[in-house]
Amino acid sequence: MLKKLERVLERVMVGERIPALVRSGQSVPHGMIRRMQEEAFGEVVRYAARRQKFLARKLRESGIDPGRLRHPEELGDIFTTAEDLLSLPAEDFLCRPPQAVFETTGTLGSPKRIYFSYDELEASARHEAAALYKNGVRAGDRLVATFDGGYWISSWVTFLACRKLGVFCSAAGKPHPRELYQRLPVYGYNVIAADPTWLVSLSEIAEREGAFPIKLIVAAGDRMTEAYRGYVQQIWKAPVLLGYGSTEAGGGIGMECRQQQGYHLDEYDLLFEVVDSDAQGYGELVVTTLARRTEPLIRYRTRDVTRFIEAPCACGVTLGRIAPIRARRDEMVVMGAGNMHPEIFERILQDVEGISDNWQVAVRQEGVRDVLEFRFELTDGISPERVEQAVQQNLESRFPEVWANHLCGMYRLAFRYLPVGTLGRDRKPRRLVDERT
Ligand SMILES: [Zn+2]
């Protein structure tokens with residue numbers, strides 16, 4: 001009863017008003033949020049058990065009665081995976097007729113399709129609006145979102161979020177940075193939401209030709225190294241805050257605050273677990289959609305590796321927080337050099353001159369030895385020798401233990417050069433691939 005009351009209060013007090021939602025994210029004790037989540041978790045599991053073929057089958061196979069469930073661990077090894085979404089028909093997950101669909105390509109090839117109702121998209125937008133408001137976006141501001149269009153969800157949710165805030169919004173697809181640069185003064189945008197690599201290209205133009213007044217930049221859709229973030233912040237003299245989300249989660253999962261210390265999570269609509277964690281607490285993030293009823297996902301394995309941050313944030317938000325995504329679980333490669341993940345190579349390559357942003361590292365096999373092969377597109381006429389020297393120097397100074405394994409002969413380094421444009425064709429090119437058989 002008490003819990004029901006809490007949820008009713010949350011709805012009545014907060015309602016559609018974004019500033020009130022932000023206040024609730026700063027004042028509601030975390031224990032209360034947990035209790036609301038537990039109740040919502042039980043409800044969505046029981047709902048899906050009745051209407052979702054996929055979950056009903058899993059429960060039957062495991063002999064689990066969803067009647068009294070409150071905690072995700074009580075579902076044992078029942079999860080929903082990307083492979084499930086790709087290999088089974090949409091009807092196995094749909095609980096009622098949908099009103100919208102979005103796709104996500106991910107790293108597994110063919111797209112996953114996730115279905116929504118308009119209300120569900122509105123709910124997601126409400127929390128994105130709260131995150132933007134918390135970070136200083138106000139009615140009258142002018143935001144441009146340049147996330148890829150097509151079947152991607154990001155721009156739509158941002159557009160709906162701006163509507164809730166009374167913010168002028170252009171969801172422009174992904175124009176060439178040059179085209180957007182020319183429009184910045186025309187439309188007076190002062191907030192930009194975009195992919196990290198696109199932002200870097202835009203900033204390079206602004207560095208040469210001058211920046212316009214911008215109050216906030218939100219980068220999402222890919223991971224952003226601190227070197228890139230620092231560069232973009234310096235050019236625009238505005239904070240760059242990272243957002244983290246996915247189509248499966250219905251848009252935003254979390255966003256940084258001005259402290260730039262991990263993502264504050266949308267715990268109103270989503271329940272989070274970190275599973276298979278190591279000694280430092282890093283494991284795979286698992287998300288349950290608490291509010292959606294069209295295609296609820298129960299314990300969806302995101303494949304993203306992170307950990308919870310238990311310490312309270314200086315900004316005062318009481319919602320849970322996760323560390324920046326360390327790696328994609330399926331991008332981690334165990335090899336002669338050690339446990340490799342893409343972040344290592346981002347740090348090695350961040351200041352290497354003469355290569356394009358589209359690089360890839362492959363782990364190959366030659367006889368019984370691993371080969372770490374760097375694949376680059378050369379630019380600016382810098383010679384391969386200089387590139388290779390810089391890579392080896394950075395590897396040695398930044399990852400001495402990885403370099404030590406090289407000196408021990410546990411793997412060999414190789415370099416391959418490809419025509420410009422070869423590596424950037426996929427929307428989400430894989431930074432690190434394991435090609436050993
Ligand atoms: Zn914070």
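For region 276-287, residues that are within 26 Å of V28 (Cβ to Cβ) and either open to solvent by less than 20 Å² (accessible area, probe 1.4 Å) or among the hydroxyl-bearing types (S, T, Y) (or both) total 3.
Restricting to region 208-237, give me the number of residues that are in a helix (DSSP H, G or I) and either modelled with pLDDT of 90 or more or crowded, with 19+ Cβ neighbours inside 10 Å (or both). Walk me through how you get there before you give the answer.
The initial filter retains those residues of region 208-237 that are in a helix (DSSP H, G or I), namely 208-209, 226-236.
Filter once more, keeping what is either modelled with pLDDT of 90 or more or crowded, with 19+ Cβ neighbours inside 10 Å (or both): 208-209, 228-236.
Going through region 208-237 one residue at a time, the tally reaches 11.
Which members of region 172-193 meet the condition of being surrounded by 18 or more Cβ atoms within 10 Å (Cβ to Cβ) and either of a type outside the set (V, I, T) or modelled with pLDDT under 95 (or both)? A172, K174, P177, L180, Y181, L184, Y189, N190, A193 - these are the residues of region 172-193 that are surrounded by 18 or more Cβ atoms within 10 Å (Cβ to Cβ) and either of a type outside the set (V, I, T) or modelled with pLDDT under 95 (or both).
Name the residues in region 222-265 that are away from the ligand (no atom under 16 Å from the Cβ), under 22 Å from R430 (Cα atoms) and not basic (K, R), would you? Answer for region 222-265, where residues must be away from the ligand (no atom under 16 Å from the Cβ), under 22 Å from R430 (Cα atoms) and not basic (K, R): D222, M224, T225, E226, A227, Y228, G245, S246, T247, E248, A249, G251.
Report whether or not L202 is closer than 22 Å to V137 by Cα and either more than 16 Å from the ligand (Cβ to nearest atom) or touching a residue at least 24 places away in the same chain (Cβ under 8 Å) (or both). So L202 fits the description; yes.
Which members of region 160-169 meet the condition of being surrounded by fewer than 19 Cβ atoms within 10 Å (Cβ to Cβ) and outside any loop (DSSP other than H, G, I, E, B)? Once the filter is applied, which keeps residues that are surrounded by fewer than 19 Cβ atoms within 10 Å (Cβ to Cβ) and outside any loop (DSSP other than H, G, I, E, B), region 160-169 yields R163, F168. Just one of the numbered conditions (1) touching a residue at least 24 places away in the same chain (Cβ under 8 Å); (2) part of a loop (DSSP other than H, G, I, E, B) is not true of D278: (1). If you go through region 82-106 and pick out every residue that is of a type in the set (S, T, N, Q) and surrounded by 15 or more Cβ atoms within 10 Å (Cβ to Cβ), you end up with 2.
Among the numbered conditions (1) in contact with a Leu (Cβ under 7 Å, 6 or more places away or on another chain); (2) loosely packed, with under 14 Cβ neighbours inside 10 Å, the only one that E401 does not meet is (1). Considered as a group, the residues in region 67-81 that are touching a strand residue (DSSP E or B) at 6+ places or on another chain (Cβ under 9 Å) and either among the β-branched types (V, I, T) or open to solvent by 50 Å² or more (accessible area, probe 1.4 Å) (or both) include one that is farthest from R293 (Cα to Cα), and that residue is E73. Take the conditions assigned to a helix (DSSP H, G or I), within 26 Å of T197 (Cα to Cα) and either at pLDDT 90 or above or open to solvent by 80 Å² or more (accessible area, probe 1.4 Å) (or both) and apply them to A414. Does it pass? No; evaluated as a whole, the condition is false for this residue.
Set side by side, the residues T289, T306, T294, T302 differ, and just one is of a type in the set (S, T, N, Q), within 30 Å of F54 (Cα to Cα) and over 19 Å from the mean Cα position of the chain (by Cα), which is T294. Scanning region 366-393 for residues that are more than 27 Å from T437 (Cα to Cα), open to solvent by 20 Å² or more (accessible area, probe 1.4 Å) and not small (G, A, S) yields L378, T379, D380, I382, P384, E385, R386, Q389, Q393. Counting residues in region 341-360 that are part of a strand (DSSP E or B), more than 16 Å from the ligand (Cβ to nearest atom) and either surrounded by fewer than 17 Cβ atoms within 10 Å (Cβ to Cβ) or at negative phi (or both) gives one or more. In region 303-340, the qualifying residues are those that are part of a strand (DSSP E or B), more than 16 Å from the ligand (Cβ to nearest atom) and open to solvent by 30 Å² or more (accessible area, probe 1.4 Å), and the one that is nearest to V275 (Cα to Cα) is R303.
Counting just the residues of region 51-103 that are within 25 Å of E39 (Cβ to Cβ), small (G, A, S) and in a helix (DSSP H, G or I), which one comes out nearest to the chain's Cα centre (by Cα)? For region 51-103, the residue satisfying everything is A56. Applying the set (1) at negative phi; (2) open to solvent by 10 Å² or more (accessible area, probe 1.4 Å); (3) touching a strand residue (DSSP E or B) at 6+ places or on another chain (Cβ under 9 Å); (4) not in a strand (DSSP E or B) to R293 leaves exactly one unmet item: (3).
The values are calculated or read from the model by the stated rules, or taken from the named source; none is laboratory data. Nothing here was measured: the structure is a model prediction, and the numbers come from that model. Using ideal geometry, Cβ is built from the backbone for each residue, glycine included, and neighbour counts are taken over all protein chains shown. Note: accessible area is taken over every heavy atom of the protein model, side chains too, but ligands, DNA and RNA are not part of it. Shrake-Rupley method; radii C 1.70, N 1.55, O 1.52, S 1.80 Å.
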